[in-house]
Amino acid sequence: MNHIEPWPLVVALVAAAIPLLLALAAVASPRRAPLATVGALGLASLSAAGAALTGAQPTVRATLGVRLDVVTCVMLLLVCGLGAVVARYSRAYLQGDPGLDRFFRWLLLTLSAVTTLVLANSLLLVALGWTATSLCLHQLLTYYSDRPAALVAAHKKFLVSRLADLCMVAALVLVQRAVGGLGLDRIAAWAEAHPELSPSMNIAAALVVVAVALRSAQLPFHGWLIQVMEAPTPVSALLHAGVANLGGFVLIRLAPWMAHARAAQLLLVLIGLGSAVIAALVMTTRVSVKVALAWSTCAQMGFMLVQCGLGLWHLALLHLVAHSLYKAHAFLGAGSAVDEWRERAAARAQGAMSSARAVVTALTAAAVALLAARWPGADPAAAVLAGLVSLSMLPLLARGATVAALARTAGVALLYVASHAAASKLVGVSSTAPNALGWALVGAGFVALFAVKTALELRPDGRFARALYPWLFAGLYLDERFTRLTFRVWPLRAPRSAGAARSIEAREAVEVST
C-alpha cells in the first residue's frame, strides 16, 4: 500500500490551496473574484473526489493540519459554491459602483477565512478563522459607510463577536490545560477516554456554547442580524447562507467532546428552543421580505442548536446545508417577491382548503412521518421531528391550499426521514444517548409554537391575537434593551457627518427591525 501514500498528501495540498487562492486573488486582482471563486469550487471538487478515493486518511490531517472527512468536503463544496454564486451576482448588482474592487477584496478574504476554518484540524485555528471571518465581514456590512443604520448594526455585531472571542479564548485555555493540545483529533480521543468530563472541560464546553449562541444571533443578541439590511443584498445572502451557520459547524466538529458535556447540551436546547419559538412567532408579523428572512435565520439557527443539543449531529449538518441553499436563493431572489405573492394568491383563488381539511392534511402527514419510523433502520427521532415539521405547515395550509397539499406535505415528511437516514450513514459522528429532559423541553416548546401560530392564523382578529401581536411586532423589546446596554458600555464612534451622528443617536433607543 506504500504506493498510494503520497496521494492523501496531494489531496491535502489541493484543499489547503483553496483559502490561499482566495486570499491571493483578494490582494492581487479582486476584480477577478468570480473567476477566483469558480477556481476555488474546482479545487473543492477535486479535494472531495480525492478524499473519497483515499478515504481521508488520518495521516493527512496530522501532516498538514488539514482535516478531510465528509463534513469538510460537504462544507467546502457548499461554501465555495455559494461564494461563486454570490460573486457572480455581485458583479451585476454592483456594476458601475466605484467601490466594487473593495467589495470583492473583502468578499474574497471572508471566503478565505471561512474555508480556513472548515479545513482546520486545530481548535486554535478554528477560533482564529472564526474571528477573521467576523472582521472581514464587518467591512462588508459597513460597505455603505454613510448609512447610519448599517453602522449601528455592524457596531452591535462587532461587540457581540468580540464577546464571543473572549469566551473562545477562555475555552482554549481550559482545553489546553486539560487535554494538553488543541488538535481536534486529540480532543476527540481525550473525550473518548474520559466520558466523565472534568469540571474545567464542562466549563469550556459551556463557553463554546455561549460563543456559538452569540455568533449565531440567538436572542437577545439577535438585533444586528435583523438590522444589517442596509448592506448590499449579496452581503445579506453570504451572511445568512454561510457565515451565520458556522456556529453549527463548529459544534459538529466538536461533537465527540460535546456529546459528553450534558450541561452544555442542555444549555444548547434552552437557548436554541427559546430563540426558535420566539423568532418564528415574530417573523409572522413582518411585512418586509428581507426582515422576515432575517428572523427566519434566527429561528433556524435556534433549531440547529436544538439538534446539536439533542445529539443529532448528522441532522444538524443536513439542516445547515439545506438552510444555506434556501437562504441564498431567498435573498438573491428577494426582488421577485411580489411576483411570487401574486402566484400564491392566484393559486388560493383557484381552490382553497378549509380550516378543517387543513388540520386533517397536517395531521395525516404527521401520521405518515411517524409510521416511517417503523421502516428498518429508521431513526424514531427523525420521525418525531418530521411530524413536527408537518404540523408546522398547518397555519400555511389553513390560509389556503390546493387539494394536492396532502401529497406535498406527506412528501416533505418522508423526504425528511429519508434525508436523515442518508446523512446518518455519511457523517461519522453518531447520535448520543437520548436526553429525556431535552426531548421533553423540545416537544413542549414546539407544541406550544404550533398552538400559538394556529390560533393566530385561524383567528387573526381575536382577543388573543390582539393582545399578543404588539409584543411580537416589537420583538418582545429585547433588542431595544440590548441596544441601550451596548451603547452605554461601548458607544459608537462619531460618523463622518453631523447629520448621520444625530440619526445614530436617535436610533439607539428605537426599533429598526420593522
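The values are calculated or read from the model by the stated rules, or taken from the named source; none is laboratory data. Nothing here was measured: the structure is a model prediction, and the numbers come from that model. Quick reminder, even Gly has a Cβ in these numbers, built from the backbone with ideal geometry, and neighbours come from all protein chains shown. Just the protein is used for accessible areas: all its heavy atoms, side chains included, with ligands, DNA and RNA removed. Shrake-Rupley method; radii C 1.70, N 1.55, O 1.52, S 1.80 Å.
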>> What FRET efficiency comes out for Y93 versus L476 if R0 is 30 angstrom and r is the Cβ-Cβ distance? Round to the nearest 0.05.
In response: 0.30
>> For a quick size check, give me the Cα extents of region 98-221 along its three principal axes, largest first, whole Å.
In response: 56, 30, 18
> Going by accessible area, probe 1.4 Å, with all protein chains left in place, what is the ranking of E192, E457, largest first?
Replying inline: E192, E457
>> If the only charges are +1 at each Lys and Arg Cβ and -1 at each Asp and Glu Cβ, what is the size of the charge dipole of region 98-197 around the Cα centre, to the nearest 20 debye?
In response: 360 debye
>> Using alpha carbons only, how many angstrom separate the centre of region 9-55 from the centre of region 118-168?
In response: 23 Å
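Efficiency by 1/(1 + (r/R0)^6): what FRET value for A455 and V489, r their Cβ-Cβ distance, R0 = 41 Å, to the nearest 0.05? If you can, show how the numbers build up before the last one.
Working: r = 39 Å, r/R0 = 0.95.
So the FRET efficiency works out to roughly 0.55.
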> Scaled to the compact-protein estimate 2.2 N^0.38 Å, what is the alpha-carbon radius of gyration of region 44-168, rounded to two decimal places?
Replying inline: 1.23
>> If I compute solvent accessible area with a 1.4 Å probe over the protein chains, what percent of it on region 96-161 is carbon and sulfur?
In response: 63 percent
>> Under 5 Å between amide hydrogens, which residues at least 5 positions from S122 or on another chain qualify, with H placed 1.01 Å from N in the peptide plane?
In response: L184
>> Using each residue's phi in region 116-131, evaluate 6.51 cos²θ - 1.76 cosθ + 1.60 at θ = phi - 60° and report the 3J(HN,Hα) Karplus result to the nearest Hz, with x for Gly and Pro.
In response: 4, 4, 5, 7, 5, 10, 10, 5, 5, 5, 4, 5, 5, x, 5, 5
>> Could you check the spin-label model distance between H194 and V27? Points 7 Å from the Cα along Cα→Cβ, value in nm.
In response: 3.9 nm
